[in-house]
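The values are calculated or read from the model by the stated rules, or taken from the named source; none is laboratory data. These figures come from a predicted structure and were not determined experimentally. In this analysis, Cβ positions are derived from the backbone assuming ideal geometry, glycine residues included, and neighbour counts consider all displayed protein chains. Protein only, heavy atoms only, side chains kept; ligands, DNA and RNA dropped before computing areas. Shrake-Rupley method; radii C 1.70, N 1.55, O 1.52, S 1.80 Å.
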Amino acid sequence: MAESFKRVILKLSGESFSHAGERGIGMEEVTQIARQVKQAADSGCELGVVIGGGNILRGAQFKGTHASIQEATAHYMGMLATVINALALQDALESLECQTRVMTAIHMHGVAEPYIRRRARRHLEKKRIVILAAGTGSPFVTTDTAAAQRAMELEADILLKATRVDGVYSDDPERNPHAVLYSELDYATVRERNLRVMDSTAIAHCMEHNMPILVFNFRKDGNILRAVRGEKVGTLISSKPPGK
């Protein structure tokens, strides 16, 4: 039987909070995610969740436009969008009687705790689900990179990247029906083939610090629990070449 992970960071995109092809927050989607996160937490895993904000606003969407909003300002707006998603997930989890804390890299004491590494670790040790919002607090940094940094800071066993597809493919499976699903990859192969897993900075951080990444389909009910239990699901990316 596979060995369960003690502590994980789960990266959720903002788009996972909305209906396919739509914007905003769909509480049906948020509730479905919350149920799966609760299952994982109930298994004994210490769970931190990093959330994107693309369902509301992406900072990069203003890049290269003639709008009066500066790109750095737009990135801060995107960080605030992640806080909105974090609060929605917090309420959904607490409706399921989970203990949670929202921690933000941008201080906003009225709605969340400031992110402090030692405090976040204590929350995790007390089996509280820690929802990490506002990225790193700096513009021009993706939430993928923020998730990689939090995974390293909080000494997680693995970084879980939740997606809408079953893992990492050789090509876009929605466009190419012959795309091959990889069960295992190493960091070097991901970079050489420019596979769309996470942004290059996040991959570089994980590679440098030997932080494994599991890319999997969270829309299949129970997959988050399977992932934290170490079961075969999705694509595992690590320093070890496949088959060795």
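Miscellaneous remarks
- Estimated distance in nm for a label pair at residue 4 and residue 20, the labels positioned 7 Å out from Cα along Cα-to-Cβ: 3.2
- For residue 26, residues with placed amide H under 5 Å, excluding near neighbours: 18, 19
- Along the chain, longest interval not containing exposed GluC sites (Glu not before Pro), exposed being DSSP loop plus at most 16 other Cβ atoms within 10 Å: 23-96
- Computed about the Cα centre, the dipole magnitude for the range 144-244 is approximately 260 debye when only Lys and Arg (+1) and Asp and Glu (-1) carry charge, each at its Cβ.
- Length added when fully stretched, residue 201-residue 27, from 0.36 nm per residue minus Cα-Cα: 59.5 nm
- Of the listed residues 107, 205, 123, 19, the order by accessible area with a 1.4 Å probe, largest first, is 107, 19, 205, 123.
- Taken along the Cα-to-beta-carbon direction at a fixed 7 Å, the label points for residue 107 and residue 68 span 3.0 nm.
- 3J(HN,Hα) along the range 203-218, derived from phi through the Karplus expression 6.51 cos²θ - 1.76 cosθ + 1.60 where θ = phi - 60°, amounts to 4, 4, 4, 5, 5, 5, 9, 6, 9, x, 10, 10, 9, 8, 8, 6 Hz, with x in place of Gly and Pro.
- Backbone geometry of the range 124-130 corresponds, through the Karplus equation with coefficients 6.51, -1.76 and 1.60 at θ = phi - 60°, to 3J(HN,Hα) couplings of 4, 4, 8, 6, 8, 7, 9 Hz, x marking Gly and Pro.
- Set of aspartates and glutamates with alpha-carbon distance to residue 127 below 16 Å, sequence-local pairs under 8 removed: 42, 46, 94, 97, 155, 157
- Sequence-distant residues sharing a close amide H with residue 54 (under 5 Å, placed H): 14, 15
- Counting 0.36 nm for each residue step from residue 138 to residue 80 and taking away their Cα separation leaves a gain of 19.7 nm.
- Per residue, the convex hull spanned by the Cα atoms of the range 63-193 amounts to 172 cubic angstrom.
- Note on residue 179 and residue 97: the model spin-label points, each 7 Å out from Cα along the C-beta direction, lie 4.1 nm apart.
- Legend: distances between Cα atoms for 6/38; 11/232; 220/240; 126/232; pairs beyond 25 Å are 220/240; 126/232.
- Highest average first, the peptides 127-133, 100-106, 212-218 ordered by how many other beta carbon atoms sit within 10 Å of their residues are 127-133, 212-218, 100-106.
- Under 5 Å, built H, 5+ apart or other chain: amide partners of residue 184: 236
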